[in-house]
Amino acid sequence: MTPVSTATVDDLTQTAAPARFWDRQRRLGVGVVVIGLIATAVFGPLAPSQTARFTLSEDAEGAALSINGQLGTILFGLVAVVAGAVLLAGLARRFQTSVLSLGILGFVLSFLCWQVAGKFLPLVDTASGTLELAVPLVLGALAGVLGERSGVVNVAIEGQFLMGAFGAALVGTMATSVWAGLLSAAVGGLLIAALLAVLAIRYLVDQVVVGIVLNLLALGMTGFLYERLMQTDAPSYNQPPRMPEWRIPGLADIPVVGPVLFDTNLLVWLALILVFAIHFGLTRTRWGLRTRAVGEHPTAADTVGIRVRGLRYLNVLLGGLIAGAGGAYFTLVATGSFNKNMTAGAGFIALAALIFGRWTPFGALGAALFFGFAQKLATYLSVAGSSVPSQFLNMLPYLATIIAVAGLVGRVRAPAADGQPYIKS
Amino acid sequence: MTTDEPAGAPRKPADEPAADPAVATAVKEPAAVPGKEKPGDDDSFLSHFLHNLWAANTVTVTVLSVIMAMVIGAVLIIVSDPAVLNTFSYFTARPGDALNASWTVVSNAYADLFKGAIIDPAAVTAWSNGTGTWRQVVFPISETLTYAAPLVFTGLSVALAFRGGLFNIGGQGQAVVGTICAALAGFLLPLPPVIHLIAALVAGLVGGALWGFVPGILKARTGAHEVIVTIMLNYTANLFLSWLILQKGIQQAGRSDAISEPVDSSAQLPAVGGEVRVNLGIVLAVLATAAVAWLLKRSAFGFELRAVGANPAAARTAGISVARTYTLLMVTAGGLAGLGGATQVLGTAHALTTQVAGNIGFDGLLVALLGRNRPWGTLAAAVLFGALRAGGNRMQSFSSISLELVTVLQALIVIFIAAPALVKAIFHLRAARSARLGASMAKGW
């Protein structure tokens, strides 16, 4: 919001006052102490006093980290409380992020000890599941990063996912090639991105409006063609080959990390490589500098001779390719066939990851992993018959994003010109 | 946004050839709307009419948008029909086959769309012969109005928020919470007939208002962008519904699937009866439209919200509390969407399911855009969307064309509406005299 322009002398003297006592760190501290106390005092007594086993494999066998469920719950809860207290006391300001992470980690571990007590949680399976669930979110969020850092809001990620998933299934089946499927998925995303770019950049339509309408268009198009083509003749239109898992000899034998990172499919690597590539591109190359300039202050960028609209077109279209490839995850990796509205809001979780990750590639990766973990955990809990409803864990990405944009724990800020069409005067 | 009223002061048409005599009179005559024409002015009336017919004014753009959407829809119908596509394989040899087949499949589909939405001549004939009932005659209209009623509410919700400069994408979530609260009040409260219905409607209103309050207060207090918050709240509401519906006392006794207890008959919106499903909801929708129109035009709050929507900084300087306006506006918008959810569950669905609110929130967004964010325009747009939906049902069962085509048509119509410059460019329309082009209310996060 723009600051009030009617500042009086009194207001000015107030702003000159020393820093507030309740600064960001202390507010965070209160939050962490509260969740720590919840973990200790609520989860602790609820946790059964049985062993919680975290196996280092994909099942119940093999080496495991074991701890008494109740003890672990209370212990890790106390870790969170202590970390929160440190923040609250205003200590260790230089290590604020580390202490905060420790506090949140304590809370998560406490929750896990409570839930796993008397059962087991296979760590490798959890980690690889988290990574796989995060893949489309990362790709979708990267598409958003590209568009929004150059000033075009992209809420059509969901539509790009759907077109990508549909294209992958359709062409993948007709060509019986998973790579043709992946390619056409990217093209599917590109189609929606092209519509978004033309309508938003050329015809100056409100970008959020375009995004929402394009989502509906993609939903209708894919649903319509699904019912007309795929439902009537699934074998020739809707049975794409699955993406193969590639195992890198040697590296895949490293415990835990090996099977997660080096015995997996191409999309996982693509997502991780793109995170590094886009981070490098945005911070270290001429294209990145220009993109950020166009997203923050297009008039200034134009003045020094950068083609604002051209760069925006380029970035939105690149984003479409990436998001479309992310859509391929749903058909080529996750299920093996297209279904109506199969993305079910994943595009909006990707949008949440983009915002929660503060419009940066690594932030988006972190947020996507966090959300992927929440989804994986939700599945685990519902299979394990937990008393905690999986729906509430699934709400986590959305609620976390609301908390982030509301600035309850440090405000996230969008690029300054995000969503504003550039009209050359 | 574009306006469909003639501008108070006649604007100079910018890019028109001055040599055209019709234009010359048009410039002299500010009254461009046919109804407001002075009597005894037939010549210029006709020329005005013709002149404005092909200008990029609201009506022309809307009509052309609908036509273009239908044309693209027709292409989709043709390319997705293998039998018709086959005739295209020998197009150069016998083009008549392909054209005939295409025409048949498209005209049948759109004829069914019309028969399902407005009136079926066969039913009228049957009724006049005495073999059919009046219910069959009014059935299509009844379906149209039934589908339109919730859309009016969600559309008004979005339109009202737009006028105050807020983009309420949360209509879906607010409608879901509205259905939840209305349904809970509908089967948990033991109340006498009329009071029960009012209580259930109020519950829906309050639920939606509460869900609208969150983005409102966050926007006012912290500046959190309402689009982000409302998107996130949509999915939160859906997940909450899918949890709630499986709880003891909510889930219908003896059912294992996700469906709630049915709403008591005392809390259901009274319908005409039989196959004619249209209920009190559409009457309430018209009343709500009138109320919103009054709110916007005549009330102090309406003035404030329009001022804030036009320029928050200026409104603040003028002494209007922007924070209070934003909060109150989102509460009102949320309440309207909640009422939309309530009419859905109390009028037609009668029980909660995970899909009870359908897509009414997002459709409401399209309806508001199509209605140019004006109350009565929104009502008309909702009826059009209701008609498409009702006709789509018939198209699905009679021509076996998926209902999803209606979603495509709706999205396309709104894309063209939102980009009037695109329509203008495609059809080489003249610049409109009274309507400004460009839906530019764009602002970032």
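Couple of notes before you dig in:
Results for (1) within 30 Å of A:Ala63 (Cα to Cα); (2) in contact with a strand residue (DSSP E or B) (Cβ under 6 Å, 6 or more places away or on another chain); (3) at pLDDT 95 or above, shown as yes or no for each residue.
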{"site": "A:Arg247", "(1), (2), (3)": "yes, yes, no"}
{"site": "A:Val257", "(1), (2), (3)": "yes, no, no"}
{"site": "A:Asp263", "(1), (2), (3)": "yes, yes, no"}
{"site": "A:Trp269", "(1), (2), (3)": "yes, no, no"}
{"site": "A:Leu272", "(1), (2), (3)": "yes, no, no"}
{"site": "A:Val275", "(1), (2), (3)": "no, no, yes"}
{"site": "A:Phe280", "(1), (2), (3)": "no, no, yes"}
{"site": "A:Gly295", "(1), (2), (3)": "no, no, no"}
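- Enumerated helices (runs of 4 or more DSSP H) restricted to the range A:154-248, each holding at least 1 residues that are in contact with a Ser or Thr (Cβ under 7 Å, 6 or more places away or on another chain) and farther than 19 Å from A:Arg312 by Cβ: A:157-174, A:207-225, A:234-237
- The residue that is surrounded by the fewest Cβ atoms within 10 Å (Cβ to Cβ), counting only those in the range A:354-365 that are within 8 Å of the chain's Cα centre (by Cα) and away from chain B (no Cβ under 12 Å), is A:Leu365.
- Residues that are closer than 22 Å to A:Lys376 by Cα and part of a helix (DSSP H, G or I) within the range A:52-76 comprise A:Gly69, A:Gly72, A:Thr73, A:Phe76, listed in sequence order.
- Some residue of the range A:387-398 being of a type in the set (Phe, Trp, Tyr) and either outside the structural domain of A:Leu274 (by TED's automatic domain parsing) or free of Cβ contacts under 8 Å to residues at least 24 places away in the same chain (or both): yes
- Single condition A:Cys113 does not satisfy, out of (1) buried (at least 23 other Cβ atoms within 10 Å of the Cβ); (2) closer than 30 Å to A:Leu351 by Cβ: (2)
- In the range B:216-246, the residues that are facing another protein chain (nearest Cβ under 9 Å), in a loop (DSSP other than H, G, I, E, B) and of a type outside the set (Gly, Ala, Ser): B:His225, B:Leu246
- Summed over the range A:81-103, residues that are under 20 Å from A:Trp22 (Cβ atoms), in contact (Cβ under 8 Å) with a residue 12 or more places away in the chain and of a type in the set (A, V, I, L, M) total 9.
- The range A:277-309: number of residues that are without any contact (Cβ under 8 Å) to a residue 60 or more places away in the chain, hydrophobic (A, V, I, L, M, F, W, C) and not in a loop (DSSP other than H, G, I, E, B): 7
- Whichever residue in the range B:111-125 is in a helix (DSSP H, G or I) and touching a helix residue (DSSP H, G or I) at 6+ places or on another chain (Cβ under 7 Å) and, among such residues, is farthest from B:Leu405 (Cα to Cα): B:Val124
- Any hit, the range B:200-214, residues being within 11 Å of another protein chain (Cβ to nearest Cβ), assigned to a helix (DSSP H, G or I) and buried (at least 18 other Cβ atoms within 10 Å of the Cβ): yes
- Where helices (runs of 4 or more DSSP H) fall wholly inside the range B:329-442, the ranges with 3 or more residues that are surrounded by 24 or more Cβ atoms within 10 Å (Cβ to Cβ), at pLDDT 90 or above and facing chain A (nearest Cβ under 10 Å) are B:360-370, B:404-418.
- Taken across the range A:366-380, residues that are within 8 Å of another protein chain (Cβ to nearest Cβ) and either without any contact (Cβ under 8 Å) to a residue 24 or more places away in the chain or assigned to a loop (DSSP other than H, G, I, E, B) (or both) do not occur at all.
- A single member of B:Ala290, B:Ala313 is surrounded by fewer than 14 Cβ atoms within 10 Å (Cβ to Cβ), in a helix (DSSP H, G or I), at pLDDT 90 or above and of a type outside the set (Lys, Arg), and it is B:Ala290.
Matching residues to (1) part of a helix (DSSP H, G or I); (2) more than 19 Å from A:Val268 (Cα to Cα); (3) facing chain B (nearest Cβ under 10 Å); (4) not β-branched (Val, Ile, Thr):
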{"site": "A:Leu311", "(1), (2), (3), (4)": "yes, yes, no, yes"}
{"site": "A:Leu317", "(1), (2), (3), (4)": "yes, yes, no, yes"}
{"site": "A:Ile322", "(1), (2), (3), (4)": "yes, no, no, no"}
{"site": "A:Leu332", "(1), (2), (3), (4)": "yes, no, no, yes"}
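- When B:Pro270, B:Pro262 are screened for being touching a His at 6+ places or on another chain (Cβ under 7 Å), more than 14 Å from every other protein chain (Cβ to nearest Cβ), under 21 Å from B:Leu201 (Cβ atoms) and not aliphatic (A, V, I, L, M), only B:Pro262 passes.
- Scope the range B:132-154; condition within 15 Å of the chain's Cα centre (by Cα), more than 10 Å from B:Gly386 (Cβ to Cβ) and among the aromatic types (Phe, Trp, Tyr); matching residues: B:Phe153
- Residue under evaluation A:Asp59, criteria (1) of a type outside the set (Gly, Ala, Ser); (2) over 18 Å from A:Leu75 (Cα atoms); (3) modelled with pLDDT of 75 or more, criterion not met: (3)
- All positions within the range A:194-240 that are of a type in the set (Gly, Ala, Ser), at the interface with chain B (Cβ under 7 Å from one of its Cβ atoms) and closer than 25 Å to A:Thr176 by Cα: A:Gly223
- For B:Ala271, the criteria (1) farther than 21 Å from B:Ala342 by Cβ; (2) touching a Lys or Arg at 6+ places or on another chain (Cβ under 7 Å); (3) modelled with pLDDT under 90; (4) not acidic (Asp, Glu) hold in every case but one, which is (1).
- Evaluating A:Gly363 against the criteria (1) closer than 28 Å to A:Pro240 by Cα; (2) assigned to a helix (DSSP H, G or I) leaves one unmet condition, (1).
- Only listed residue being among the aliphatic types (A, V, I, L, M), modelled with pLDDT under 85 and over 27 Å from A:Gly372 (Cα atoms), chosen from A:Ala234, A:Ala194, A:Ala252, A:Ala200: A:Ala234
- Test for A:Ala180: is it in the same structural domain as A:Met342 (by TED's automatic domain parsing), touching a helix residue (DSSP H, G or I) at 6+ places or on another chain (Cβ under 6 Å) and surrounded by fewer than 24 Cβ atoms within 10 Å (Cβ to Cβ): yes
The values are calculated or read from the model by the stated rules, or taken from the named source; none is laboratory data. Fair warning: this is a prediction, and the values are worked out from it, not measured in the lab. Note that we place each Cβ from the backbone using ideal geometry, even for glycine, and neighbour counts take in every protein chain shown.
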